[in-house]
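The values are calculated or read from the model by the stated rules, or taken from the named source; none is laboratory data. Predicted, not measured: the structure shown is a model, and the values here were computed from it. Note that we place each Cβ from the backbone using ideal geometry, even for glycine, and neighbour counts take in every protein chain shown. These accessible areas exclude ligands, DNA and RNA; they are computed on the full protein's heavy atoms, side chains included. Shrake-Rupley method; radii C 1.70, N 1.55, O 1.52, S 1.80 Å.
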There are 2 protein chains.
Amino acid sequence: MNAFPPPGDKKQLEEGLVFTPKFDADGLVPAMAIDAATKEPLMLAYMNAESLKLTLELGEAVYWSRSRKEIWHKGKTSGQVQKVVEIRTDCDQDALVVYVEQLGGGCCHTGRNDCFYRKVAGRSEEGGALLSFREAHKVGNG
Amino acid sequence: MNAFPPPGDKKQLEEGLVFTPKFDADGLVPAMAIDAATKEPLMLAYMNAESLKLTLELGEAVYWSRSRKEIWHKGKTSGQVQKVVEIRTDCDQDALVVYVEQLGGGCCHTGRNDCFYRKVAGRSEEGGALLSFREAHKVGNG
């Protein structure tokens with residue numbers, strides 16, 4: 001049984017108060033985890049209906065691992081648990097923002113606090129771009 | 001010619017300083033736009049290589065519209081232009097965070113400042129969830 005009703009018409013989708021997440025062809029919806037304390041983006045992952053339901057039940061972020069093709073209770077083995085503070089959805093309910101309390105010293109498997117540790121720093125000759133490591137917890141010229 | 005080199009090995013991907021975005025099977029990468037001033041998430045959309053290149057060239061967010069299947073220079077007609085302040089990428093370079101200065105009074109086609117104007121407010125009897133309209137610019141109990 002699917003816990004989430006199928007998306008309704010445009011008005012229900014945009015102005016309704018029933019959560020009808022719109023999963024894509026692979027049954028997934030992107031979820032951006034943001035640190036509820038610092039408001040810094042932590043990671044972007046995906047949830048299917050089952051992992052979203054588990055997230056709601058447990059109060060901890062549960063994703064769908066696209067590489068391992070399995071339910072991924074974040075931090076269950078690493079200790080990098082994400083306690084859910086607030087979940088937002090957007091106008092057409094096909095994207096989620098999950099504000100979390102990040103436990104375990106960070107979310108990234110590289111050992112960093114968050115996965116977005118590099119920023120575009122300049123253009124390459126081919127029209128692409130070069131990156132630089134950003135200073136933690138600063139937006140802009142940091 | 002693709003402005004972005006193909007993704008390298010794991011070390012280059014995670015620790016390198018060449019921007020090698022990893023586009024999915026549809027040629028897209030998700031991009032979360034965040035207000036650089038308030039740090040509030042604005043919208044989640046997708047970029048293909050061309051729109052990402054245009055974003056870098058113009059200094060304004062350009063997306064790929066999945067519904068219209070065309071390049072979408074955000075705000076070009078509505079005035080809701082997003083001036084790019086900073087672009088971050090994650091460890092495996094398959095997601096972007098775009099900090100922007102949001103012009104035109106907001107980003108959402110519903111007339112709201114941002115698209116994430118509802119949050120999960122409680123569980124439904126079926127195991128799903130109910131939403132509530134959130135107060136703008138507050139995380140938590142707002």
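Values for this structure:
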quantity: Condition broken by A:Ile34, with the remaining ones in (1) part of a strand (DSSP E or B); (2) over 16 Å from the mean Cα position of the chain (by Cα) satisfied; calculated: (2)
quantity: Count of region A:1-31 residues which are open to solvent by less than 30 Å² (accessible area, probe 1.4 Å) and part of a strand (DSSP E or B); calculated: 3
quantity: Where a residue in region A:1-12 is farther than 12 Å from B:Leu130 by Cα and its partner, wherever it lies, is at pLDDT 95 or above, with Cβ under 7 Å and at least six apart; calculated: A:Asn2/A:Ala49; A:Pro6/A:Thr20; A:Pro7/A:Leu13; A:Pro7/A:Thr20; A:Pro7/A:Lys22; A:Pro7/A:Gln93; A:Gly8/A:Gly16; A:Gly8/A:Thr20
quantity: Conditions (1) at the interface with another protein chain (Cβ under 8 Å from one of its Cβ atoms); (2) modelled with pLDDT of 95 or more; (3) open to solvent by less than 30 Å² (accessible area, probe 1.4 Å); number of the one not met by A:Leu52; calculated: (1)
quantity: Matching residues in region A:112-125 - criterion: being over 17 Å from the mean Cα position of the chain (by Cα) and at pLDDT 95 or above; calculated: A:Arg118, A:Lys119, A:Val120, A:Ala121
quantity: Any chance A:Lys83 is over 25 Å from B:Lys10 (Cα atoms), touching a Gly at 6+ places or on another chain (Cβ under 8 Å) and part of a helix (DSSP H, G or I); calculated: no
quantity: Any hit, region B:64-74, residues being of a type outside the set (Phe, Trp, Tyr), open to solvent by less than 30 Å² (accessible area, probe 1.4 Å) and either facing chain A (nearest Cβ under 10 Å) or in a loop (DSSP other than H, G, I, E, B) (or both); calculated: yes
quantity: Residue that is farthest from the other protein chains (Cβ to nearest Cβ) [pool: residues in region A:75-95 that are open to solvent by 40 Å² or more (accessible area, probe 1.4 Å) and of a type in the set (Lys, Arg)]; calculated: A:Lys76
quantity: Residue count for region A:96-134, restricted to those that are more than 8 Å from chain B (Cβ to nearest Cβ), part of a loop (DSSP other than H, G, I, E, B) and of a type in the set (S, T, N, Q); calculated: 1
quantity: Test result for B:Gly106, of a type outside the set (Lys, Arg) and open to solvent by 30 Å² or more (accessible area, probe 1.4 Å); calculated: no
quantity: Failed criterion for B:Arg134 (all others in (1) of a type outside the set (Phe, Trp, Tyr); (2) modelled with pLDDT under 95; (3) within 19 Å of A:Leu44 (Cα to Cα) hold); calculated: (3)
quantity: Checklist (1) touching a residue at least 24 places away in the same chain (Cβ under 8 Å); (2) farther than 30 Å from A:Ala36 by Cβ applied to B:Thr77, failing item; calculated: (1)
